[in-house]
Amino acid sequence: MTAPYAATEPAPSPVAYTRPSITELEVSYATDAARNGWGPRCYDYIKRLEAGFAEHLEVAHATATSSCTGAMQLGLAALGIGAGDEVILADTNWIATAAPLVHLGATPVFVDILADSWCIDPSAAEQAITDRTKAIVATHLYGSMCDMDALQALCRRYGIALIEDAAEAIGSAWRGRKAGSMGTFGVFSFHGTKTMTTGEGGMIATRDPELHSRISQLADHGRDPGEPRQFHPTITGYKFKMANVQAAIGCAQLERIDDLIAGKRRVMARYRDLLSGCAGLTLNTEPAGTQNGYWMPNVVFDRDLGITREKLLAAFKAEKIDARVFFWPLSSLPMFESQPQNINAWDIPERAVNLPSFHDMDAATQERVCAVIEGLLPA
Ligand SMILES: *Cc1c(COP(=O)(O)O)cnc(C)c1O
């Protein structure tokens with residue numbers, strides 16, 4: 001495909017998929033950490049970020065980690081999940097949600113998603129429960145909330161853990177409670193593409209003090225904080241800690257969190273507005289009682305329009321717009337057993353696309369994105 005621009009017109013500038021919002025505040029905190037955050041001050045920003053994030057979530061405990069993937073592995077390990085155990089999660093997920101439990105020797109059990117929220121279907125989850133099931137993972141996909149009432153009731157009834165993967169759900173809430181604050185534990189990502197960033201980084205939050213102390217010990221090479229001997233771990237732990245310089249950036253982002261969320265919500269609202277005249281499209285939902293942080297706007301095309309993922313990617317690429325695929329079903333990947341009976345998880349990505357979204361995206365850029373979509377629809 002060739003771009004429809006005359007040689008004299010400047011080619012359109014590329015549109016990024018996401019990018020972080022970094023101000024002088026982040027730069028000044030990072031600079032301070034680089035200059036002064038050593039020796040007795042080497043944990044200052046980390047402690048401040050953990051305390052501030054726990055307060056933001058309204059939970060008792062939060063531990064900063066090197067990534068959300070690491071946070072998930074710590075939490076699963078702290079729950080004692082391992083060989084022979086099953087963990088139920090949506091087939092639609094990033095690999096980071098499944099890989100840690102595979103590394104621990106547990107079996108991921110992939111179930112279908114709901115057609116509207118794109119999150120785990122609670123009744124499919126219930127049907128997948130066996131006597132080996134130890135947990136259900138609620139991934140709040142693209143910022144949409146899982147049905148927490150149904151999942152909490154289910155997990156209580158079967159005596160299993162409810163884990164929230166809130167990597168994509170900063171700014172999302174269920175009946176006023178923030179994503180990641182309701183489960184046995186919740187994990188967050190501060191990867192450079194996420195709503196709040198430290199470059200790489202994550203967080204694990206819990207209300208349970210005992211679970212928190214197991215997480216802290218596992219996160220620090222298995223060293224017991226009460227152990228008087230130096231360099232004397234008492235269990236085999238992990239090293240998934242965050243650096244102070246990263247935490248400094250995180251502290252600045254946390255001070256700006258309402259703005260960061262508002263930016264993402266503004267982008268989604270504008271897409272909704274620009275696309276409101278187009279028939280046959282489904283966008284991210286925000287049912288009554290929920291708040292959606294709208295980490296990633298998506299558009300799903302009705303099947304009868306015949307607009308495929310491949311057509312979508314080609315059309316955006318021709319306009320230098322970095323749109324991305326809706327997550328492949330994990331069970332379609334070569335390392336897992338295929339589960340095509342997960343109808344929605346297999347069907348939706350075939351006719352959907354992630355739209356570019358960053359906090360300060362301007363109206364003209366969003367109009368460019370929407371023009372591609374309109375160009376694909378029947379006249
Ligand atoms: C980004 C993401 C992760 C992984 O986060 P990292 O910080 O990169 O490890 C996990 N789960 C979901 C749903 C994500 O989107």
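The values are calculated or read from the model by the stated rules, or taken from the named source; none is laboratory data. Predicted model, so just to flag it, every value in this text is computed and none were measured. Heads up, the Cβs are rebuilt from the backbone with ideal geometry, glycines too, and the neighbour counts pull from every protein chain shown. With ligands, DNA and RNA removed, areas are computed over all heavy atoms of the protein, side chains included. Shrake-Rupley method; radii C 1.70, N 1.55, O 1.52, S 1.80 Å.
Brief remarks on what is shown
- Note on the range 255-278: among residues that are assigned to a loop (DSSP other than H, G, I, E, B) and without any contact (Cβ under 8 Å) to a residue 60 or more places away in the chain, the one that is farthest from the chain's Cα centre (by Cα) is 277.
- Unique match (being more than 14 Å from residue 57 (Cα to Cα), within 16 Å of the ligand (Cβ to nearest atom) and more than 16 Å from the chain's Cα centre (by Cα)) among 252, 247, 150: 247
Matching residues to (1) of a type in the set (Gly, Ala, Ser); (2) surrounded by 24 or more Cβ atoms within 10 Å (Cβ to Cβ):
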residue	(1), (2)
138	yes, yes
145	no, yes
167	yes, yes
179	yes, yes
203	no, yes
211	no, no
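- Looking across the range 181-194, the residues that are within 11 Å of the ligand (Cβ to nearest atom) and open to solvent by less than 20 Å² (accessible area, probe 1.4 Å) come down to 187, 188, 189, 190.
- Among the criteria (1) in a loop (DSSP other than H, G, I, E, B); (2) in contact (Cβ under 8 Å) with a residue 60 or more places away in the chain, the one residue 223 does not fulfil is (2).
- When residues of the range 56-87 are limited to those that are open to solvent by 50 Å² or more (accessible area, probe 1.4 Å) and under 20 Å from the mean Cα position of the chain (by Cα), the one nearest to the ligand (Cβ to nearest atom): 69
- Restricted to the range 43-162, the set of helices (runs of 4 or more DSSP H) holding at least 2 residues that are within 21 Å of residue 188 (Cβ to Cβ) comprises 44-57, 68-78, 95-103, 148-158.
- Test for residue 334: is it surrounded by fewer than 16 Cβ atoms within 10 Å (Cβ to Cβ) and closer than 18 Å to residue 301 by Cα: no
- Unique match (being open to solvent by 10 Å² or more (accessible area, probe 1.4 Å) and closer than 20 Å to residue 238 by Cβ) among 129, 95: 95
- Those residues of the range 360-378 which are surrounded by fewer than 19 Cβ atoms within 10 Å (Cβ to Cβ) and under 23 Å from the mean Cα position of the chain (by Cα), in sequence order: 360
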